[in-house]
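Peer 1: One structure is given below, represented as structure tokens, and several questions about it will come after.
Read-outs: derived from the displayed coordinates by stated rules, not from any lab. This is a predicted model, so every value here is computed, not measured. Neighbour counts run over all protein chains shown; Cβ positions are idealised from the backbone, glycine included.
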Amino acid sequence: MLEVFSLSKTYAGGTKALDTINLEMRKGEITFLTGHSGSGKSTLLKIISGEESCSDGRVLFQGQCLTTMAARQWPKMRRKMGIISQDFKLLMHQNIRENISIPLEVVNTPRRIMRRRVDDMLEQVNLGAHAKKLPSQLSAGQRQRVVIARALINNPLIVLADEPTGHLDPKEGADIARLIEDMHQKGATILVATHDHQWPERIGQRPIYLHEGRILDNPVMRVG
Ligand SMILES: Nc1ncnc2c1ncn2[C@@H]1O[C@H](COP(=O)(O)OP(=O)(O)OP(=O)(O)O)[C@@H](O)[C@H]1O
Ligand SMILES: [Mg+2]
């Protein structure tokens, strides 16, 4: 479903954030990216979601090359992706229900269907009681759940989650981790960047370790 070939990224200032990364994901897989701060996790997710360009290499999604795709095709492509970004990017003057509805509105979902889908999603992320609040009236963990709900509302083909449990206390972090594990159990394809090594280990997954923009093959040398 997702193939990354020899992907490199050097930012304008000269930082080499990614160096010949190769990665493959099949439908229904969950893959964890881990590594020190600055190792390139967010950069990789941002290139896959089209937020950043790459310097070299290719990304294929469902056989389509994303790295050479025309800019005008990106909005449609992005609708197939559920993006959970490190900075929440919530609309601060719109309430929780409105924030979660955005992906359905952009595809002109009929009101009645939208209402039902959003109600279901609010229940799934346990925010039913907070639908009318503004993001500023929620805790960090609750805000993270809004971002997750917004990413999932359109049944994306792939979920890209950048440190979904970062900035949360252990209990909130554990709740979010469980929510993401549930999504995987239900068949979602998920690529997660996390600093928490124990999370992939707990569910029997071997994470991909990034170190200075390269994948570390030898787990003994692992960092992060
Ligand atoms: N927009 C940018 N312009 C220039 N350099 C950048 C930019 N974004 C990231 N970098 C640099 O690229 C490298 C990789 O950054 P990236 O954000 O991908 O790391 P990360 O693994 O996600 O870190 P963290 O765990 O702190 O989120 C770092 O050295 C960072 O300083
Ligand atoms: Mg990051």
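Peer 1: Rounded to the nearest 5, what is the percent of antiparallel bridges among the DSSP beta bridges in the range 85-224?
Peer 2: Approximately 40 percent, going by the DSSP bridge assignments.
Peer 1: Still on this structure, I have one more. Output the 0 to 90 degree angle, nearest 10, between the alpha-carbon long axis of helix 170-185 and the longest principal axis computed from the alpha carbons of the chain.
Peer 2: 80 degrees
Peer 1: Then there is this: If N is the number of residues in the range 139-224, what value comes out of its Cα radius of gyration divided by 2.2 N^0.38 Å?
Peer 2: 1.14
Peer 1: On a 0 to 90° scale, report how tilted helix 111-124 is relative to the longest principal axis of the chain, with both axes built from alpha carbons and the result rounded to the nearest 10.
Peer 2: Roughly 70 degrees between the two axes.
Peer 1: So, one more: If you restrict to DSSP beta bridges whose two residues both lie in the range 148-224, what percentage is antiparallel, to the nearest 5?
Peer 2: Antiparallel bridges make up about 40 percent of those DSSP assigns within the range 148-224.
Peer 1: Determine the sum of side-chain charges near P110: Lys and Arg each +1, Asp and Glu each -1, restricted to other residues whose C-beta is under 14 angstrom from that of P110.
Peer 2: On the way: positive: R111, R112, R115, R116, R117; negative: E105.
So the surrounding residues net to +4.
Peer 1: How much net charge surrounds N155 when only the other residues with a Cβ under 11 Å from the Cβ of N155 are counted, with Lys and Arg +1 and Asp and Glu -1?
Peer 2: Computed value for this residue: +4.
Peer 1: So, one more: Once you have the Kirkwood Rh of the range 1-60 from its Cα pairs, apply Stokes-Einstein at 25 °C and 0.890 mPa s and quote D in µm²/s.
Peer 2: Stokes-Einstein gives a translational diffusion coefficient of 206 µm²/s.
Peer 1: Shifting gears a bit: In whole Å, what are the extents of the chain along the principal axes defined by its C-alpha atoms, from largest to smallest?
Peer 2: Largest to smallest, the principal-axis extents are 48, 41, 34 Å.
Peer 1: Still on this structure: So how tilted is helix 140-152 from the main axis of the chain? Cα-based, degrees 0 to 90, rounded to 10.
Peer 2: Between the helix axis and the principal axis of the chain, the angle is about 80 degrees.
Peer 1: Would you work out if the range 113-163 is rounded, prolate or oblate? Take a ≥ b ≥ c from the square roots of the eigenvalues of the alpha-carbon gyration tensor; rounded if a/c is under 1.5, else prolate when a/b is larger than b/c, oblate otherwise.
Peer 2: Judged from the Cα gyration tensor, the range 113-163 comes out oblate (a/c at least 1.5, b/c at or above a/b).
Peer 1: What number, rounded to the nearest 500 deg cm²/dmol, is the helix-based mean residue ellipticity at 222 nm of the chain, given -39500 (n - 2.57) per DSSP H run of at least four residues and division by all its residues?
Peer 2: Result for the chain, helices only: -9500 deg cm²/dmol.
Peer 1: Next question. What is the sum of charges around I190, taking Lys and Arg as +1, Asp and Glu as -1, for the other residues whose C-beta is under 10 Å from the C-beta of I190? Let's see the in-between values first.
Peer 2: Working: positive: none; negative: E29, E181.
Counting the neighbours of I190, the net charge comes to -2.
Peer 1: When the convex hull of the C-alpha atoms of the range 36-76 is computed, what volume per residue in Å³ does it have?
Peer 2: Hull volume normalised by residue count: 82 Å³.
Peer 1: Let me ask you something else. Restricting to DSSP loop positions (anything but H, G, I, E, B) with no more than 14 other Cβ atoms inside 10 Å of their own Cβ, which GluC sites (Glu not before Pro) remain in the range 123-224?
Peer 2: none
Peer 1: Follow-up. Using mean Cβ contacts within 10 Å as the protection proxy, how do 126-137, 148-159, 82-93 order, highest first?
Peer 2: Per-residue mean Cβ counts within 10 Å order the peptides as 148-159, 82-93, 126-137.
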